[in-house]
Structure formats: structure tokens, C-alpha cells
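S.K.: First the structure, which I've put down as C-alpha cells, then a few questions once you've had a look.
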Amino acid sequence: MSRTSRPPARLDAKTVLSTVARSPVPVEKRRIAKLLGLKGPARDTLKALLRDMLRDGQLIAAGEGRVAVARKAPPPGMTMVAIEAIDIEDGTPLVRPTEWTGEAPLVRLTVPVGHTAPAIGAHGLVELGQTDGVWQATLVRLVEPTVERLVGQIAASGSHFRLLPTDRRIRTEFTVDTDALAGAIAGDLVLAEVLPTRRLGLPKAKVIERIGQLGDPRSASLIAIFSQGIPTEFPPETLKLAAAAKPADTAEREDLRALPICTIDGADARDFDDAVLAEPDSDPDNPGGFKLIVAIADVAWYVRPDDALDREAYRRGNSCYFPDRVVPMLPERLSNDLCSLRPDEDRPVLVAHIVIDAAGKKRSHRFSRATIRSAKRFTYEAIQEIADGHTKAPPWIVDKIVAPLYAAYRLLDAAKRERGALDLEVAERKVEIGEDGKIAAIRPRVRLDSHKLIEEFMILANVCAAETLERAGLPCMYRVHEPPAPDRVDGLRDVLDGLGFRLARGAAIKPQDFGKVLAWASDQVARPLVNQMVLRCQSLAVYAPKNQGHFGLALARYAHFTSPIRRYADLLVHRALIAAGNLGEGSLRGNRPPPDFVVAGDHISATERRAVAAERDAMARYVAAYLMERRDAQFTGRVSGVQKFGLFVTLDETGADGLVPVRSLPSDFYNFDERRHTLTGNRNGRVYQLGQAVEVRLREADNLTGSLVFELLEQGAARRPQRPSGGKPKHKRRR
């Protein structure tokens, strides 16, 4: 064997980087294997290693299966990062190195005690390193963010004008010259561009676009949309292609129009992308089992790879939902018309045909392209009323649709509980908008069995999609939810120890372990605290082509398949399924190369985080506007976050979030325990902790920034958590 073909003693990232770096042009994966003398199983090892290196940013995808070194990737050590997002579940900043070429990884940032937690848009100097191949960053110091565009309100200041940012994290104002107003007047909300200047005093900005007036009740959504840079206008070529779309031909499709398939959605839903049916299985070998149909709008028929619709859908990544509007991923001609499974209209679908047994376990499945004709459009509330016997319905609806659906759901629900999927109590609120555009009410969103029914049907179809693509060896955009990081679990253990529950150490944590915690807490005063802590302990779910399972659902493989109208990830999965089953046009195969799923996964994960941030921002502004007339009113709530600078409180009535500054707490020096999420007074011994019930008074409500400031009432003071009577952990006694 020649020197160039001898297998390396150790196949690792350093060896691969050295090999790729020697090439003056991007290298094919097969060429790398040849240069390293790899054969058989070693090629599979290389393939997995290359995927990890692409994900971590050590390599960049160069098209047509080629890779190149991210040459500006800094070595472990000091580097600059931009804070791109905040983990929506635990508040951890997510940063991306700014000095890398290609797709730099998104890295979790550790903020040492004594440092201020950075906000989105900030920049920082960090110590960057790797542990077991995973990038980690520790904050050294924050650097003043470079703001290029921002949303703000024009305010008159004598003969001049100022721009007041809507983002509470931007603490400076900007001057705007009269000739830079672009027609805006005092009180207008605008999108502005920061101008370079060397003058002393306030920085300058110019207006790019007028958004509206702050007094307009619908401005809350517009501020969030423009602040996050969410595209709102479709390019002309995209609209032209959508307008020219014709209904799909039914000739080559399975005809399911005679079946009583139905849709179940919210009362205000406009796009119906999934329909379901359940029938008792007549197979004598499957007594008590069911045949299920999950029919999903065939978006891939209309949106072809790399056409104008596809490029815009990829750019947007997903639809964004606000109390007063939707910013769709696809033009309305598709999302609300051709791809919407409206009753009594023929619609093309991709169908998962699934058979389950009497224990709710899947026996078999297949996918087909079909035509359906929805027999009925139900709202969640309406079908639940029928199922509960509170509303009469024609016998065929009860016998052919409702009863089989709920019977199958009960089997799936039992199977979910058996495998130990997480079942957290997450309070949701529904905002009701009046005809004047203002919030008429904010009510708890009731979670009915009809909601759970659809969830379980969709989860099962998603599992089938992932299994099919894995067996076919085709690219799959998995929905990955990794197990929680050990340090988060340790923090949860600390809190549980103080409450009298011992979470075992040593063994890898499983969803069932959290289930035991939640079951123990179900009848405890500390139940809200425990639910909050378990939720914050979880990792952030992302899209990726490498399967790492879904921890929260306790599933080995999982991929989103059921909402291609509003999620680009689902469209990619549809195309791969069409290829796997040779189901016709619109698949991944064709004249064009398939997309790079590593890059696509990072992109659509980022657009999802952007949408979540915008939706939360809009909600905060709506609620702040709603509460402005209730200053000095008293509310009950719970502590939803603890920082050294104060407590975040979520109100029971509206779900509004606000800050209780530490300076407003009873006079004392308070110690912040980051692991236990507590503030403890040195002298008075008061303990304020996550999940604690409190009473507060509303002191400030700012609808420009969406911020609320509360004052903690004395009767809301915390008490130290007490162990169960007897002094021994209750869980340990049960064991």
C-alpha cells in the first residue's frame, strides 16, 4: 500500500482539516476518503465526522457535495461573538462567532456571576473552546452593539427631531434631521438607519420607512415584525408564480374522496393543512386496532425546488402568527386557497396510512399521494362538544368520524404515557382582538382532548416520515431535541433537594425521570416551581439532518411532516418522501442538486427563533397597552425568572411579564443563587424563588417598549421551602 492510501492511525477532525486544507479547491467527500485510504465502515465514520464538522463550522459546504475549510475560523481562545437569540426555555444567550467565514455554529454562552446578561444584538468578547467536540463560550466582556437599523418613534425636540428606540435594550436616542424624516411626523413609528458620524453628542439616523402611529392598536405586531426583519412583501415573481398555479391533476393520485376525512382547527384558522380519519381495523389479527389516515396538503406539488416560491419560502423559513395578523410563508393563493383543505373541495394531499394495535403501538404505515374531499370542518371546541355529548350531531358524524377518532386517540395517549413522554403544564393565553383592533380580553387557552387528539395523530405521522426516510437512506430534516445539559440537571437537583425530592445522580437522565418529578409535584404547593424548573432544564429543539432523537417526546426519531404550508422543514421532508416512494413530481431528485441540509437546518432553526422572538415581543406590547389604564392595580402572579437585578413576574390573569427591580424589594443585601434561581436577603432571610406565588402592584406600563414594572407587595413575600413532615424526602419514603 502506498503512503497516500494508508489509512490514518486516527480518523479525527484534525486529520480531515489537514487533508482538506492542502487542496486549493473544495474537495468531494469521495476524494477525501480516497486520499485517506478509507474503505468499508471507515467511509461511514468519515461521513458522520464531516456532518459534525459542517455543523460545528470547521468546514463549509461548497456545493455539489464538496467541502472547504472555514479558513477564518479562529482557534480556541478569545474571539468576538454576536448574540443572535435567547433560548426561549431557559434564557441562555446563543451566540455566533463574527470572524468566521461560512456557517459559524450557534454556541451557548455561559455568563459568569457578576456579569450582566447580554441582550440580542449585543456583541461580546468570549473565551471560545471545545469540550467533546461541542463549542462552548464564556463571556469575558460585553462590547457596545453596532446598530445598523432599528424601529423607533419620532419625537419633536424643539426645532429638531429625535428617534426613541422601541427596543428597550438600546438605551440611546438618535437625532433625525428634518430632511431625513421621509415624510414622518412626531408620533410616527418608523424604520430607520443609523448614520455614521464622528460628531460628539447623540448619534444620527434617517428614516427609511414609516410604519404607523404608536396609538394604532395594531402597531404592536408591526414593531415586532420590522424589529426582527421578518419579510412581509412577496417578490413580484413569487406572486406571479402563485397566481398562475392550477389545481393538481387527480389522475395519478389515490382517490380518497369518498372517505369521511375531516379537519380540526382553531375557530380563527384560515389555512387547513391537515385532515384526519380513524376506522376500526377489520384485520382479525389486530383486534381492537385502528387504521388511521393523516392527510397533509401537498405543497410540494405547487412549490418546486429552487423556483421563486421555494426561494422565498426558504428565506422566510416559517409563517409568523400574531394576535391581529399572520405573516405567511407562502402567498395566500396557496396557503389559503389551493393548499387549504377546505370542506367539499377536491384537494391534493400526501397521506400517511397508519395501522395501530389495541395498545396504541404502530404496526405498519405507508405514504401515498392522494386526492381528498374534506367532509367536515370542525373547530376544537365543536368536536369536543359532540364527543362529550353536549351537542347533538347527525349519527353518521358521531359514528363515522367522532367516535373512532377519540377511541384511537385514547390508545395513542396510553402509548405516549407508557413511553414516558414529558407532559409539562405550560400556561397559554389567547388574545381576543376587538373590531377597533384593541385587545378586548386575554383569556387562558383551554387545552381540550380535541387538541391532544390532533397532536397525537400528527406526532405519529411525523415518526412514520422519519422512519421512512431513514430506511430509504434519503436526507431527512429531523426535529432534534437533545437531552438536557448535565449542569442544568444539577441545578434542578439542587432545587428539588430543597423541596424534599431526590433526583438520582450518576445515570443518564431520561424523560421518565422528569415524569416522576412532575407526578410527585402534582399535589405539592411547589408544583408551579417544579414545572418551571423542569421546563427550563430542557434543551432547545432544532432542525438538523443528523438524528439525535427527540428527548421530550421520548422518540428515537422524529421529523416534522404535518405543516408544509407554514414550515419549510416539512416541505423538505415531503420532497424526500416523494422521492422515497417514487410518487411523482416535486421530489428532491431532478436536474438540480439537493439542498445542503446542514446549512438549511441552521437557517430554518434561526428563522424559527426569530418568529418566536417576534411573536413574544408583539404579545408583550399588546399586553402593556392593555394594562396602561390599570396602573396601581394589584395582581396575583408567579415568579417566572430570577436575576441579580430583580424578579420577573408573570401575572395569572393575563400572562403578562414584568420586572420587580431588586431596589424595590424590602431593604436588604440580596444574594443571587444562579443554580437554585433564588434571591436571599442577608438580614431578613427572605427567599424569592422561581415559581413562587406573589402579589404585585403595577407601577409602570410602556407600550413603546412593551415593558412592565411591578412592585412586590409585602403579603407576597416568600417563605423558605419546607421539607415534608418527618424531615425525610417524600420520594425516598415511597421508594
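S.K.: In nanometres, what is the gap between the two model label sites at Ala414 and Arg149, each 7 Å from Cα along Cα-to-Cβ?
M.R.: Those two pseudo-labels are separated by 5.5 nm.
S.K.: Can you compute the equivalent ellipsoid semi-axes for region 261-357, i.e. the square root of 5 times each eigenvalue of the Cα gyration tensor, sorted largest first and rounded to whole Å?
M.R.: Semi-axes (√(5λ), whole Å): 31, 16, 12.
S.K.: Using a 7 Å offset from the Cα along the Cα-to-Cβ direction at both Arg30 and Thr636, what is the distance between the two label points in nm, to one decimal?
M.R.: 6.9 nm
S.K.: How many times 2.2 N^0.38 Å is the alpha carbon radius of gyration of region 386-446? Intermediate values should be presented prior to the final figure.
M.R.: On the way: Rg = 17.7 Å, N = 61, 2.2 N^0.38 = 10.5 Å.
Rg over 2.2 N^0.38 Å, computed on Cα atoms: 1.68.
S.K.: Compute the length gained on full extension between Glu237 and Asn684: take 0.36 nm times their separation in residues and subtract their Cα-Cα distance, giving the result in nm to one decimal.
M.R.: So the chain would gain 154.2 nm between Glu237 and Asn684.
S.K.: For the chain, what does the accessible surface come to per residue with a 1.4 Å probe? Please give it in Å². Could you put the intermediate results ahead of the total?
M.R.: Numbers: 35060 Å² over 735 residues.
On a per-residue basis, 48 Å².
S.K.: For each pair in Lys291/Lys546; Lys291/Lys416; Lys361/Lys392, compute the distance between the two Cα atoms and list the pairs where it is over 21 Å. Each step should come with its number before you reach the end.
M.R.: Values: Lys291/Lys546 31 Å; Lys291/Lys416 18 Å; Lys361/Lys392 32 Å.
Over 21 Å Cα-Cα: Lys291/Lys546; Lys361/Lys392.
S.K.: Just flag the trypsin sites (Lys or Arg not before Pro) in region 381-412 sitting in loop per DSSP whose Cβ has no more than 14 other Cβ atoms within 10 Å. Before the final figure, lay out the partial values.
M.R.: Values: sites: Lys392, Lys400, Arg410; in loops: Lys392.
Of the trypsin sites (Lys or Arg not before Pro), the ones in loops of region 381-412 whose Cβ has at most 14 other Cβ atoms within 10 Å are Lys392.
S.K.: Taking just the C-alpha trace of region 406-492, give me its Rg and Dmax in Å.
M.R.: According to the Cα coordinates of region 406-492, Rg and Dmax are 18.5, 54 Å.
S.K.: Using the alpha carbon gyration tensor of the chain, what are the three equivalent-ellipsoid semi-axes (square root of 5 times each eigenvalue), largest first, in whole Å?
M.R.: Each semi-axis is √(5λ); the values are 40, 35, 32 Å.
S.K.: Please compute one quarter of the surface area of the Cα convex hull for region 492-548 and express it in square nanometres.
M.R.: Reported value for the Cα convex hull: 4.7 nm².
S.K.: Treating cross-link reach as a plain straight distance, find the aspartates and glutamates whose alpha-carbon is under 17 Å from the alpha-carbon of Lys510, omitting any fewer than eight places away in the same chain.
M.R.: Within the straight-line cut-off, Lys510 pairs with Glu418, Asp423, Glu482, Asp487, Asp490.
S.K.: Treating only the Cβ atoms of Lys and Arg (+1) and Asp and Glu (-1) as charged, compute the dipole magnitude of region 219-371 about its Cα centre; round to the nearest 20 debye.
M.R.: That gives region 219-371 a dipole magnitude of about 320 debye.
S.K.: When N is the residue count of region 446-602, what does its C-alpha Rg come to as a fraction of 2.2 N^0.38 Å?
M.R.: Details: Rg = 19.0 Å, N = 157, 2.2 N^0.38 = 15.0 Å.
Relative to the 2.2 N^0.38 Å estimate, region 446-602 comes out at 1.26.
S.K.: If one computes P(r) from the Cα atoms of region 339-466, what percent of pairs lie at distances over 25 Å?
M.R.: Percentage above 25 Å: 40.
S.K.: Shifting gears a bit: Can you give the calculated 222 nm mean residue ellipticity of the chain, where each DSSP H run of n ≥ 4 adds -39,500 (n - 2.57) and the sum is split over every residue, rounded to the nearest 500 deg cm²/dmol? Before the final figure, lay out each step's value.
M.R.: Working: 16 runs with 197 residues, N = 735.
One gets -8500 deg cm²/dmol as the mean residue ellipticity at 222 nm.
S.K.: May I ask you to derive the FRET efficiency for Asp652 and Glu332 from their Cβ-Cβ distance with R0 = 51 Å, giving the value to the nearest 0.05? Walk me through the numbers on the way to the answer.
M.R.: Values: r = 38 Å, r/R0 = 0.74.
Efficiency, from the Cβ-Cβ distance: 0.85.
S.K.: Using R₀ = 22 Å, calculate the FRET efficiency as 1/(1 + (r/R₀)^6) where r is the Cβ-Cβ separation of Ser159 and Glu700; round to 0.05.
M.R.: 0.15
S.K.: On each of the three principal axes of the Cα atoms of region 312-368, give max minus min coordinate, whole Å, ordered largest first.
M.R.: Principal-axis extents of the Cα atoms in region 312-368, largest first: 43, 25, 24 Å.
S.K.: Percent of alpha carbon pairs in region 554-634 separated by more than 18 Å?
M.R.: Pairs farther apart than 18 Å: 61 percent.
S.K.: On to the next question. Multiply the residue separation of Thr45 and Arg315 by 0.36 nm, subtract the distance between their alpha-carbon atoms, and state the gained length in nm to one decimal.
M.R.: 93.9 nm
S.K.: Now, a different point. Between Ala472 and Val134, what is the spin-label point distance in nm, taking each point 7 Å from the Cα along the Cα→C-beta axis?
M.R.: Placing both labels 7 Å along Cα→Cβ, they lie 3.2 nm apart.
S.K.: Let me ask something else. Using a Förster radius of 56 Å, what is the FRET efficiency between Glu173 and Asp283 based on their Cβ-Cβ separation? Nearest 0.05, please.
M.R.: In this case the efficiency is close to 0.20.
S.K.: Let me ask another. Would you mind giving the average projected area, over all directions, of the Cα convex hull of region 180-296 in nm² with one decimal?
M.R.: Mean projected area of the Cα convex hull: 15.6 nm².
S.K.: List the residues of region 602-646 whose backbone N lies under 16 Å from a point placed 7 Å from the Cα of Asp268 along the Cα-to-Cβ direction.
M.R.: Correct set: 615-626.
S.K.: Ala504 to Ser18: extension gain in nm, 0.36 nm per residue of separation minus the Cα-Cα distance?
M.R.: Gain in length upon complete extension: 170.6 nm.
The values are calculated or read from the model by the stated rules, or taken from the named source; none is laboratory data. Predicted model, so just to flag it, every value in this text is computed and none were measured. Here the Cβ is made from the backbone with ideal geometry for all residues, glycine too, and neighbour counts use every protein chain on show. Please note that ligands, DNA and RNA were not included when accessible areas were found on the heavy atoms of the full protein model with its side chains. Shrake-Rupley method; radii C 1.70, N 1.55, O 1.52, S 1.80 Å.
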